[in-house]
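Below: the structure, in structure tokens.
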Amino acid sequence: MINLNAITGNKMKRILVCLMAVILPLFGMIAQEKKTLTLEDLIPGGETFYKYYPENIYGLGWCGDVCIKPDIDTLFAINPVNGKENAILLREDLNSALEKIGLEKVASLYGVEFVYGNIDEVRLLRKGNVCKYNLKTKEAVVLSKYEETAQNIDFAPNSNNLAYTKGSSLYIVSVDESGNIKNGEVVSDKDGIVYGQVVHRNEFGISKGTFWSPDASKIAFYKMDESMVTEYPLVDIDARIAKEAPIRYPMAGMTSHKVYVGVYDVNTRNVVYLKTADPTDRYFTNISWSPDSKKIYVIELNRDQNHSQLIRYDALTGEQEAIVIEERHEKYVEPQNPITFVPGNDNKFIYQSQRDGYNHLYLYDIDGSFKQLTSGKWLVNEILGFDAKGSTLFYMSTENSPLDACLYKVNIKNGKREMVTKESGWHKVSLSGTGKYIVDSYSSKDVPRVIDIERTDGKGKVINLLTSKNPYEGIDMPTVEHGTIKAADDTTDLYYLLVKPFDFDPSKKYPVVIYVYGGPHAQLVTNTWRGGASGWDSYMAQNGYIVFTLDNRGSANRGLEFENCTFRNLGIEECKDQMKGVEFLKSLPYVDQNRIGVHGWSYGGHMTTALMLRHNDVFKVGVAGGPVIDWALYEVMYGERYMDTPQDNPEGYEATNLNNLAENLKGKLMIIHDYNDKTCVPQHTLQFMKTCIEKRVYPDLFIYPGHDHNVLGRDRVHLHHKISTYFFENL
């Protein structure tokens, strides 16, 4: 021990200099050390997630050609020509008006909406009351009423009429020209029959169950008879003694529900049903009205899903008038979009079809004649609308790149096509009332978020509303790389995402986790912020792992043949493509070939389990969330589209049933399933666990009570801690 009392003068100075020489660099190292992120920072539901989420402006929209920007206390109108913002509504004024008529105050202005294209009036819902507030007079009035427990509230266009559901019943509230309210008109029936709600388990683009006519005089609605469908016995564990909470769940090859389309007349209160073909084993989708509110168009599909018909009905009588369009395909036809009429022309509409291999736009006359508006080896993602004249159609597409979503316009007379958005990336666009302006919110691999207002003719000033800073500035973030490899067919390009640790050293060997989904209607590798890498990808890379994602054949936005090559054998071709990804990984000198893991959820849970069983010499660790194990246990609409029925395709169901491969398990596999899963019922996992035990192989199991097919909210952080820890301990 040094006796400081015995040290004096120069000797003491020399000791202090030496001590400082050691201590100062340590302080420097501490000062230079950058923050690393936790799951709380990176996973939705985490306490600090939004601190590291790119800045955004929420609730932007249009009232005519005026851009509306809500905030907590103020509603702004933005001039799209010069970007000038004006405060047009204060929360304190609105709350004062609501208080005068005895209604609850609002906590923010995000819930109000402009209606009828009138910049002076907003509409909002307050505990069973539909209110209107006038921005000039600063007065609020009650327009109509509804049940406080109402669901699926649906307002008629340019009207105060509304529909809503409560339980299995449909309620219509109408308001006449004098403001008189006719409330509580009900369409209801016996148990097992549901009105005004989503049918066919949200397939075929169905997201609602009521459809108002343009003049608000009638409403078309779904009636779904589930009484013949076997009840599936889920359990409610929140009761003192757990009780049954069954759902109607038609499994592949079993009896499915029947659907009818009704039309309710607001003035006469009469209901007629469309005189369709027998609803047994038939799907009714993509309902739309003619502009004159006299005709209804429905796309109908057989249970085999290989023959669709666009049929026109008389809305007053329910009589069928004409089969306008028919499509057939040897594998499947999948209509997902209702027809869109051309403004100002009641005889022409836009129809979307994959008949040439990619989803494209066709201009149809009501007599069935047509011309193709778009074509090419790319696809249309979405129709946004028309200009004021109805001569130009705006749509989102992948024409620029399979990784991009960009806005285009097409002249419906001459077919001239033009890209509207200027930057490569993933654009989310809203169109103004006349189609003259857009709000364009986009990101790309190196751009967190940019929000602009711009003209659709490319002229005038671009108004920048937001250019988000890099939320990870000052933090050592993993690197992200895009690339392509060939699919197992040796011709098709597949896109991948590679996420590497920020301190990546090519001379070292790294464990790899493959994150997989692989199924229809999903694309993981995109030209979005950080290349589509998730917060969990970054967390794993931060902890010394390489994360690899590959969009195999069967996934979305690459055309019909790319998707339907998996027909009748789900998971087979997809696994072959994923193994091409493994070949690529093994070619990289910094990949530890003995430490490869895989993780995915839902379809990705099936893929994870399949890869662990089919390639047990490659994958050491897997975590499968909500996995489909046996497609015979999955629901009718999705399952039969891609697999046919078990009766028609026994070989395919046998080959893809992972219970048959359970004995192949060698690595560490954890299955996670939600206890209340209504999409992929828990029977999948329970049967698989039972089979594994019989075969003397032992995967791990974790159950999330109270969640339905995914773990959301605060528990999502716990989920990713569970997944990560499993890889840390075993890979």
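The values are calculated or read from the model by the stated rules, or taken from the named source; none is laboratory data. None of the values given here were measured: they were computed from a predicted structure. Here the Cβ is made from the backbone with ideal geometry for all residues, glycine too, and neighbour counts use every protein chain on show.
List of remarks:
- Note on region 400-428: residues that are buried (at least 18 other Cβ atoms within 10 Å of the Cβ) and assigned to a loop (DSSP other than H, G, I, E, B) total 8.
- Scanning region 142-168 for residues that are exposed (fewer than 14 other Cβ atoms within 10 Å of the Cβ) and not in a loop (DSSP other than H, G, I, E, B) yields one hit, Gln151.
- Take the conditions (1) closer than 20 Å to Met251 by Cα; (2) under 23 Å from the mean Cα position of the chain (by Cα); Asn657 misses just one of them, which is (2).
- Residue in region 361-374 that is under 21 Å from the mean Cα position of the chain (by Cα) and either of a type in the set (Gly, Ala, Ser) or in the same structural domain as Tyr495 (by TED's automatic domain parsing) (or both) present: no
- Residue selected from region 227-249 under the condition among the basic types (Lys, Arg) and either in a loop (DSSP other than H, G, I, E, B) or under 27 Å from the mean Cα position of the chain (by Cα) (or both), by the criterion surrounded by the fewest Cβ atoms within 10 Å (Cβ to Cβ): Arg240
- Output for region 259-307, where each listed residue is part of a strand (DSSP E or B), of a type in the set (Lys, Arg) and under 27 Å from Glu330 (Cβ atoms): Arg282
- In region 169-182, the residues that are assigned to a strand (DSSP E or B) and not hydroxyl-bearing (Ser, Thr, Tyr): Leu170, Ile172, Val173, Val175, Ile181, Lys182
- All conditions but one from (1) outside any helix (DSSP H, G or I); (2) in contact (Cβ under 8 Å) with a residue 60 or more places away in the chain; (3) buried (at least 22 other Cβ atoms within 10 Å of the Cβ) apply to Gly622; the one that does not is (2).
- In the set Thr526, Thr491, only one residue is crowded, with 19+ Cβ neighbours inside 10 Å and not small (Gly, Ala, Ser); that residue is Thr526.
- When the criteria are applied in full, Ala252 fails the requirement of being surrounded by 17 or more Cβ atoms within 10 Å (Cβ to Cβ) and either among the charged types (D, E, K, R) or under 21 Å from Tyr116 (Cα atoms) (or both).
- Candidate set from region 169-190 (those that are more than 30 Å from Leu89 (Cα to Cα) and at pLDDT 90 or above); member that is surrounded by the most Cβ atoms within 10 Å (Cβ to Cβ): Leu170
- Complete set of residues in region 197-226 that are without any contact (Cβ under 8 Å) to a residue 40 or more places away in the chain, surrounded by 13 or more Cβ atoms within 10 Å (Cβ to Cβ) and part of a loop (DSSP other than H, G, I, E, B): Val198, Glu226
- Hey, Ile671 buried (at least 21 other Cβ atoms within 10 Å of the Cβ), touching a Pro at 6+ places or on another chain (Cβ under 9 Å), among the β-branched types (Val, Ile, Thr) and within 15 Å of Gly605 (Cβ to Cβ) or not: yes
- Looking only at region 386-399, and only at residues there that are in a loop (DSSP other than H, G, I, E, B) and of a type in the set (S, T, N, Q), the one that is nearest to Ile57 (Cα to Cα): Thr398
- Counted residues, region 346-362 - those being assigned to a strand (DSSP E or B) and basic (Lys, Arg): 1
- Search result, residues across region 698-731 that are surrounded by fewer than 17 Cβ atoms within 10 Å (Cβ to Cβ), of a type in the set (A, V, I, L, M, F, W, C) and more than 24 Å from the chain's Cα centre (by Cα): Leu701, Phe702, Ile703, Phe728
- For Gly435: the one exception among (1) crowded, with 19+ Cβ neighbours inside 10 Å; (2) in contact with a Gly (Cβ under 7 Å, 6 or more places away or on another chain); (3) part of a strand (DSSP E or B): (3)
- Any hit, region 473-487, residues being among the small types (Gly, Ala, Ser), modelled with pLDDT under 95 and over 19 Å from Cys63 (Cβ atoms): yes
- Residue in region 465-477 that is assigned to a loop (DSSP other than H, G, I, E, B), closer than 30 Å to Val81 by Cβ and not charged (D, E, K, R) present: yes
- Region 76-120, subset of a type in the set (S, T, N, Q) and not in a helix (DSSP H, G or I), residue modelled with the lowest pLDDT: Asn118
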